[in-house]
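Okay, so here's the structure we're looking at.
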Amino acid sequence: MTELDVETLRRCRRGDPAALGVLYDCYRRPVYYLARRMVGEAEAEDVCQETFIAVFRAVVKFEGKSKLSTWVLAVATRVCLMHLRKRRRQEASAEPADTAETEPMTLLSPSHELLNKEFLKRLADAMDRLPENQRLAVSLRSFEEMSYEEIARAMNCRLEQVRAMLFRARCRLLKLLEGH
Amino acid sequence: MSTQASEHYAPQDWSAYLDGELPAARRAAMREHLRQCPSCAAILRSFEAVQRGAEQLAQEPAPTRPQLRTRLVAVGAAVITQSRTRRRWLLCLGTVLVLVILAGLVAALWHGIEQRSTPSPAVADSKARVTLERVLITRYFVEPPSLEYDVTIHNGDSRPLEIIRVIVSDPMGEKERPVASALRVEPGQTLQRVFSRPVGENTQLRPGSYRILLETSDGRLVAEKVVP
Ligand SMILES: [Zn+2]
């Protein structure tokens with residue numbers, strides 16, 4: 001993910017529409033990806049909009065203590081979680097528990113045509129079937145700049161939990177991919 | 001070199017190894033182990049396939065929505081300008097208050113205190129009007145929630161309407177709060193604006209009367225909305 005240059009950021013803080021457009025173009029793809037993974041296609045656009053309004057509102061106060069990209073993703077994370085919470089309240093549906101993986105690990109056979117279109121499609125489907133927090137951890141980890149520490153900050157949890165969530169998510173993904 | 005189970009690294013270690021989230025020494029030892037252990041290498045390879053796949057999915061372009069982009073950017077620019085104006089206004093407020101009090105004291109001494117302050121007359125002959133479309137509380141997570149007044153100002157007059165000050169009041173706050181200043185509506189023009197003030201984290205919209213008051217060059221325009 002590219003970072004916004006200092007001058008553009010400064011113009012954003014002054015409310016310059018052209019600069020805000022650059023910010024939007026810069027982070028639209030990652031924000032949409034996160035939203036798509038977390039709330040599904042139907043609501044992804046809503047989450048995207050809400051995220052950018054929140055980002056525009058708060059960019060005046062952005063102090064640059066973290067990278068802008070990780071900050072934007074943290075805002076998007078919170079908007080996603082809000083949507084999911086609201087949906088759960090409406091549907092009164094329970095989120096599948098994030099249980100520890102006890103079964104033996106599944107590995108991909110070396111013959112697997114890795115990273116082809118078919119594999120990516122099945123991986124996306126498998127990701128949609130992960131428990132919420134595992135899905136969130138894996139989605140955030142899809143971005144190079146999101147370290148465990150950054151993910152922990154965005155998810156408001158401990159670093160050790162991030163480590164465990166990612167491990168469990170990967171084990172489950174492998175199982176889902178193999179069971180296809 | 002034998003690769004007995006006891007010598008292997010745990011799968012969770014390979015997951016962290018993949019993420020580069022291990023101390024350098026441990027990382028180096030694991031890399032060394034990897035060269036001699038096909039079963040650990042297979043675990044790492046599987047994790048890696050999943051990780052690279054997710055990274056690739058994240059690279060896929062998002063659907064483009066040019067109209068949405070235009071609207072979002074416009075809203076963003078308005079929101080930022082408004083908050084900057086508010087901040088600057090608050091800075092000036094202190095100074096202005098002191099001056100007003102001083103001026104008031106001087107005037108009172110000069111004229112005697114026989115004149116009570118009277119509300120300035122409504123813009124009786126003006127064709128300007130303001131409508132309070134709705135009031136709502138919005139939450140944006142990154143800053144305190146705000147109480148927003150969605151307002152339409154229409155100037156049916158033949159001269160421009162200069163709005164000097166905007167004041168909102170609500171059942172939660174006893175005081176009227178100035179929120180923005182210096183706004184101009186050209187003749188025949190209709191302006192849509194959102195005025196807001198920050199509220200506490202757990203504030204809900206209470207029933208009661210919400211008012212917006214525009215102080216203009218000719219007097220004042222008032223609109224009210226009653227929340228049942
Ligand atoms: Zn091994």
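The values are calculated or read from the model by the stated rules, or taken from the named source; none is laboratory data. On a predicted model such as this, the values are computed, not experimentally measured, just so you know. Positions of Cβ are backbone-derived with ideal geometry, glycine not excepted, and every protein chain shown enters the neighbour counts.
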Count of the range B:205-228 residues which are in a loop (DSSP other than H, G, I, E, B), modelled with pLDDT of 80 or more and surrounded by fewer than 15 Cβ atoms within 10 Å (Cβ to Cβ): 3
Looking at the range B:5-12, is at least one residue more than 9 Å from chain A (Cβ to nearest Cβ) and polar (S, T, N, Q)? yes
Any hit, the range A:63-86, residues being more than 8 Å from chain B (Cβ to nearest Cβ), assigned to a helix (DSSP H, G or I), in contact with a Cys (Cβ under 9 Å, 6 or more places away or on another chain) and in contact (Cβ under 8 Å) with a residue 60 or more places away in the chain: yes
Where A:Arg129 falls short, out of the listed (1) at pLDDT 90 or above; (2) surrounded by fewer than 14 Cβ atoms within 10 Å (Cβ to Cβ); (3) in the same structural domain as A:Arg11 (by TED's automatic domain parsing); (4) not hydroxyl-bearing (Ser, Thr, Tyr): (3)
Would you say B:Ala74 is under 30 Å from A:Leu173 (Cβ atoms) and free of Cβ contacts under 8 Å to residues at least 60 places away in the same chain? no
Which residues, taken from the range A:5-16, are in a loop (DSSP other than H, G, I, E, B) and within 14 Å of chain B (Cβ to nearest Cβ)? A:Arg14, A:Gly15, A:Asp16
Can you tell me which residues in the range A:153-174 are surrounded by fewer than 16 Cβ atoms within 10 Å (Cβ to Cβ) and part of a helix (DSSP H, G or I)? A:Leu159, A:Glu160
Of the listed residues (A:Arg153, A:Arg170), the one being among the basic types (Lys, Arg), under 30 Å from A:Leu68 (Cβ atoms) and modelled with pLDDT under 95 is A:Arg153
